[in-house]
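*Asks:* One structure is given below, represented as C-alpha cells, and several questions about it will come after.
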Amino acid sequence: MAERVKFLDTTLRDGEQSAGIGMTEDEKLEIARQLARLRVDIIEAGFAASSPGDFRAVTNIAKEVKGPVIASLSRAVANDVDQAWEAVRHAESPRIHVFLSSSDIQILHQLRKDREAVLGQAVEMVQRAKKYCSDVEFSPMDATRTTKEYLFQMLAAVIKAGATTINIADTVGYAIPSNFAMLVREIRETVPGVDKVTVSVHCHNDLGLAVSNSLAAIEAGARQVEGCINGIGERAGNAALEEIIMALDTRKDLFNVEMGVDTTQLYPTSRMVSRITGMAVQANKAVVGENAFRHASGIHQDGVLKNRATYEVMQPERVGVPSNRLVLGKLSGRAGLQSRLEALGYRLGREDLNKVFESFKVLADKKREVSDRDLEILMDEEHRAATEPISYHLDHIHFAGSDDDVATATVRLIGPDGQKFTDASVGNGPVDAVCKAIDRVIGSRVKLVDFNVQAATEGLDSIGTVVVRVEKNGQIYTGRGASTDIIVASAKAYLSAVNRALAAEEGAAAPAAGATP
Ligand code: KIV
Ligand code: ZN
C-alpha cells in the first residue's frame with residue numbers, strides 16, 4: 001500500500017510572519033475551520049508564548065477545531081514549552097513543536113552559545129514537552145546550513161529524548177532539490193531511531209525552490225511537509241501547500257503516496273486566506289491564480305473545446321474552482337445565489353442568505369453580471385460588518401476634484417453612541433482629502449504605510465477593492481473596503497483600519513502580533 005504524506009499547515013504561524021500581515025483571533029479561527037474542511041493533518045495554530053493574542057488564538061483553535069492535530073510553536077525554553085502546552089492541551093490531538101538553531105552561524109552569532117550547550121538545551125526541552133504531550137515535533141532551525149555531523153547528532157539526541165517528528169528546516173531557502181533530497185535520504189539511512197519517527201521538511205522560498213525542494217524531499221522519503229496556503233510567509237514565503245498537494249495528486253504515477261486532503265477545498269481556502277490577509281494572489285499563480293485555468297490563444301481554446309485534457313493537466317473542479325455556467329444578475333433568485341456561494345465555500349443559514357440576497361440585489365442593479373469575485377467581495381463586506389470592531393461607520397461622503405490635484409471631501413460618520421459627525425478637508429487628490437476628513441472627525445493619528453487598489457473584474461462597472469495598512473505605535477493595522485466607486489472603497493478601507501487601531505487601543509480585539517522566531 002502507498003505510504004501517507006501528512007501536511008502541516010503553518011499559514012497561521014509562519015504565514016502570519018509575512019511582512020504587514022496581522023490577523024485577528026476570529027479571523028484565525030475562521031481560517032483554522034477552513035483548514036479542517038481541507039483536511040490538512042496538522043494545523044500550526046500559532047506561537048503561544050509570543051504574545052497574549054497568539055496564546056488566545058491557539059487556545060481558541062485547540063478548543064473549537066476538530067479533526068486535525070493542533071500544534072503550537074515553542075522556542076526551546078521552559079516558559080515557551082509550558083505556554084504551548086497550556087494553549088494546545090484542549091485539543092483532540094495536541095502537539096508541541098520545539099525549535100532551536102543548529103547552524104554554527106546562528107549558534108555562534110545569534111545565540112552566542114556553543115554546540116554542546118545547544119544540544120543539551122534541545123534535549124532538555126524535548127523532554128520537558130514530552131512530559132506534557134506524546135506528540136512532539138523538533139525543528140533544527142537552519143538545518144540546511146548545519147554541519148551534517150552535528151545535525152545528525154542533534155536529530156538522534158532529540159529522537160532519544162522523545163521527539164516523534166523531526167523537521168528539517170530550510171529556514172533561509174538555501175537548499176537545492178537534488179542536494180536536499182540527498183540530505184533527507186542520508187538522515188533516513190543513518191540517524192539512529194529515525195525509522196520510528198516521521199521525517200518532515202519545512203522549506204522557504206528565497207530562491208523560488210520551496211515547492212521543488214519539498215517534492216524532492218518526499219521522493220527521498222519525507223512523510224510530512226510543512227507550508228502555507230498561497231505560499232505566504234516570512235520573506236519570500238513558505239512552500240505553497242496547494243502546489244505540493246496538486247503535484248502529488250496530478251503525478252500520482254511518480255510519487256505514489258496517499259494524502260488525506262480534500263483537494264476541492266483548495267480554491268475556497270486560497271480565496272479565504274487572500275481576503276483575510278489582504279495578500280493578493282497573482283493572476284498567473286499555479287493552481288489557484290485567476291488565470292490558472294483560462295486559455296487565451298486560439299489554438300489552445302480550440303483544443304480545450306474539443307477535449308480539455310489537450311491543454312489542462314488537472315481539472316479546475318478538482319481544486320474547487322467553480323464552473324461559471326450560470327450567469328448571476330438582477331433576475332437571479334435565491335437558489336442560484338446559494339448554489340454559487342456554496343461552490344465558493346460559503347455555507348449560509350436561511351437568515352444570513354436572506355441578508356446577503358438583499359445586498360446582492362443592490363449590487364446586481366449596478367452591474368450587468370455579478371461574478372464570483374464580486375460575490376466574494378460582497379461576502380467579505382457582510383462578514384466584516386458583522387465581526388469587525390467598529391467604532392465609526394461611514395454614513396455619507398461627498399467629494400469634488402479637478403485635474404490640478406486639489407480636491408475637497410466631506411464625510412459624515414456615525415460614532416460609537418450613534419451621534420453623527422461631519423467634517424471636511426482639502427487634500428492632494430480625492431482619496432487624500434477623504435482620509436484627512438476622517439482624521440479630522442476622529443482625531444486619529446495613524447500613518448498610512450500601504451495603499452493598494454484592485455479592480456475585482458474587467459469592465460468599467462467593476463467593484464474596486466482597496467486594502468490599506470496604517471501604522472500606530474509600531475503596530476500595523478489592515479483595513480479593507482469595496483465599492484463600485486473607488487473613493488468610497490478607499491474611505492471604507494481607511495476607516496476600517498482606523499477602527500482596528502482604536503479597538504486595539506481600547507484593549508479590545510487587538511490583532512495578534514506576528515511571532516518571529
Ligand atoms: O523556518 C523555520 O526554520 C521555522 C521553524 C521555526 C520551523 O519556521
Ligand atoms: Zn519557517
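*Asks:* Starting from residues that are among the β-branched types (Val, Ile, Thr) and closer than 14 Å to PHE99 by Cβ, keep the ones in segment 147-171 and report whichever is nearest to the chain's Cα centre (by Cα).
*Replies:* Selected residue: THR171.
*Asks:* Taking segment 157-169 only, how many residues are more than 16 Å from ligand 2 (Cβ to nearest atom) and either surrounded by fewer than 23 Cβ atoms within 10 Å (Cβ to Cβ) or more than 22 Å from ARG115 (Cβ to Cβ) (or both)?
*Replies:* Total meeting the criteria: 6.
*Asks:* Which count do you get for residues in segment 1-27 that are at pLDDT 95 or above and away from ligand 2 (no atom under 16 Å from the Cβ)? Steps first, answer last, please.
*Replies:* First, pick out the residues of segment 1-27 that are at pLDDT 95 or above: 3-15.
Still in the running and away from ligand 2 (no atom under 16 Å from the Cβ): 3-6.
Summing the residues that are at pLDDT 95 or above and away from ligand 2 (no atom under 16 Å from the Cβ) in segment 1-27 gives 4.
*Asks:* Within segment 454-485, how many residues are within 22 Å of ALA364 (Cα to Cα) and either touching a helix residue (DSSP H, G or I) at 6+ places or on another chain (Cβ under 7 Å) or modelled with pLDDT of 90 or more (or both)?
*Replies:* Filtering segment 454-485 down to residues within 22 Å of ALA364 (Cα to Cα) leaves 454-466, 480-485.
Filter once more, keeping what is either touching a helix residue (DSSP H, G or I) at 6+ places or on another chain (Cβ under 7 Å) or modelled with pLDDT of 90 or more (or both): 456-457, 461, 463-466, 480-484.
Counting residues in segment 454-485 that are within 22 Å of ALA364 (Cα to Cα) and either touching a helix residue (DSSP H, G or I) at 6+ places or on another chain (Cβ under 7 Å) or modelled with pLDDT of 90 or more (or both) gives 12.
*Asks:* Okay, next question. Can you tell me how many residues in segment 270-320 are on the phi < 0 side of the Ramachandran plot and assigned to a loop (DSSP other than H, G, I, E, B)?
*Replies:* Residues in segment 270-320 being on the phi < 0 side of the Ramachandran plot and assigned to a loop (DSSP other than H, G, I, E, B): 24 in total.
*Asks:* Among the residues of segment 334-350, is there at least one that is surrounded by fewer than 18 Cβ atoms within 10 Å (Cβ to Cβ), in contact with a helix residue (DSSP H, G or I) (Cβ under 6 Å, 6 or more places away or on another chain) and within 23 Å of GLY464 (Cβ to Cβ)?
*Replies:* No, every residue in segment 334-350 fails to be surrounded by fewer than 18 Cβ atoms within 10 Å (Cβ to Cβ), in contact with a helix residue (DSSP H, G or I) (Cβ under 6 Å, 6 or more places away or on another chain) and within 23 Å of GLY464 (Cβ to Cβ).
*Asks:* Going through segment 247-269 one residue at a time, which ones are part of a helix (DSSP H, G or I) and surrounded by fewer than 23 Cβ atoms within 10 Å (Cβ to Cβ)?
*Replies:* Listed by number, the residues that qualify are ALA247, ASP249, THR250, LYS252, ASP253, LEU254, PHE255, THR263, THR264, GLN265.
*Asks:* Could you say which residue among VAL172, VAL184, VAL225 is assigned to a loop (DSSP other than H, G, I, E, B), in contact (Cβ under 8 Å) with a residue 24 or more places away in the chain and either within 15 Å of ligand 2 (Cβ to nearest atom) or not basic (Lys, Arg) (or both)?
*Replies:* That would be VAL172, the only listed residue that is assigned to a loop (DSSP other than H, G, I, E, B), in contact (Cβ under 8 Å) with a residue 24 or more places away in the chain and either within 15 Å of ligand 2 (Cβ to nearest atom) or not basic (Lys, Arg) (or both).
*Asks:* Scan segment 188-206 for residues that are of a type in the set (A, V, I, L, M) and either buried (at least 23 other Cβ atoms within 10 Å of the Cβ) or part of a strand (DSSP E or B) (or both) and jot them down.
*Replies:* VAL199, VAL201 - these are the residues of segment 188-206 that are of a type in the set (A, V, I, L, M) and either buried (at least 23 other Cβ atoms within 10 Å of the Cβ) or part of a strand (DSSP E or B) (or both).
*Asks:* Further, regarding this structure: Being modelled with pLDDT under 90, outside the structural domain of ASP372 (by TED's automatic domain parsing) and β-branched (Val, Ile, Thr): is that true of VAL406 here?
*Replies:* Working: modelled with pLDDT under 90: yes; outside the structural domain of ASP372 (by TED's automatic domain parsing): yes; β-branched (Val, Ile, Thr): yes.
Taking the combined requirement at face value, the residue satisfies it.
*Asks:* Residue check: is SER50 among the small types (Gly, Ala, Ser), under 25 Å from THR171 (Cα atoms), within 16 Å of ligand 1 (Cβ to nearest atom) and modelled with pLDDT under 95?
*Replies:* In short, no.
*Asks:* Tell me yes or no: at least one residue of segment 395-408 is touching a residue at least 24 places away in the same chain (Cβ under 8 Å) and either in contact with a His (Cβ under 8 Å, 6 or more places away or on another chain) or under 28 Å from GLU16 (Cβ atoms) (or both).
*Replies:* no
*Asks:* Test of understanding: among ASN213, ASN230, which residue is touching a residue at least 40 places away in the same chain (Cβ under 8 Å), more than 25 Å from ALA343 (Cα to Cα) and surrounded by 24 or more Cβ atoms within 10 Å (Cβ to Cβ)?
*Replies:* The match here is ASN213.
*Asks:* Among the residues in segment 242-253, are any within 24 Å of ARG33 (Cβ to Cβ), within 16 Å of ligand 2 (Cβ to nearest atom) and not assigned by TED's automatic domain parsing to the domain that holds PRO316?
*Replies:* yes
Results for (1) in contact with a Phe, Trp or Tyr (Cβ under 8 Å, 6 or more places away or on another chain); (2) on the phi < 0 side of the Ramachandran plot; (3) surrounded by fewer than 16 Cβ atoms within 10 Å (Cβ to Cβ), shown as yes or no for each residue.
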| position | (1), (2), (3) |
| --- | --- |
| ILE107 | no, yes, no |
| LEU111 | no, yes, yes |
| ARG115 | yes, yes, no |
| VAL123 | no, yes, no |
| VAL136 | no, yes, no |
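*Asks:* Go through the residues of segment 77-89 one by one and say whether even a single one is within 13 Å of ligand 1 (Cβ to nearest atom), assigned to a helix (DSSP H, G or I) and under 24 Å from ALA181 (Cβ atoms).
*Replies:* Initially, segment 77-89 is screened for residues within 13 Å of ligand 1 (Cβ to nearest atom), giving 80, 84.
Next, only the ones that are assigned to a helix (DSSP H, G or I) stay: 80, 84.
Still in the list and also under 24 Å from ALA181 (Cβ atoms): none.
So far as segment 77-89 goes, no, none of its residues is within 13 Å of ligand 1 (Cβ to nearest atom), assigned to a helix (DSSP H, G or I) and under 24 Å from ALA181 (Cβ atoms).
*Asks:* Here are some conditions: (1) hydrophobic (A, V, I, L, M, F, W, C); (2) in the same structural domain as LEU337 (by TED's automatic domain parsing); (3) in contact (Cβ under 8 Å) with a residue 60 or more places away in the chain. LEU375 meets all but one. Which one does it not meet?
*Replies:* Status for LEU375: all satisfied but (3).
*Asks:* Looking for whichever is touching a residue at least 60 places away in the same chain (Cβ under 8 Å), in the same structural domain as MET182 (by TED's automatic domain parsing) and crowded, with 17+ Cβ neighbours inside 10 Å here; the options are LEU100, LEU73, LEU119, LEU151. Which one fits?
*Replies:* LEU73
The values are calculated or read from the model by the stated rules, or taken from the named source; none is laboratory data. As the structure is a prediction and not an experimental result, all values here were calculated from the model. Every residue, glycine as well, gets a Cβ built from its backbone with ideal geometry; the counts of neighbours run over all protein chains shown.
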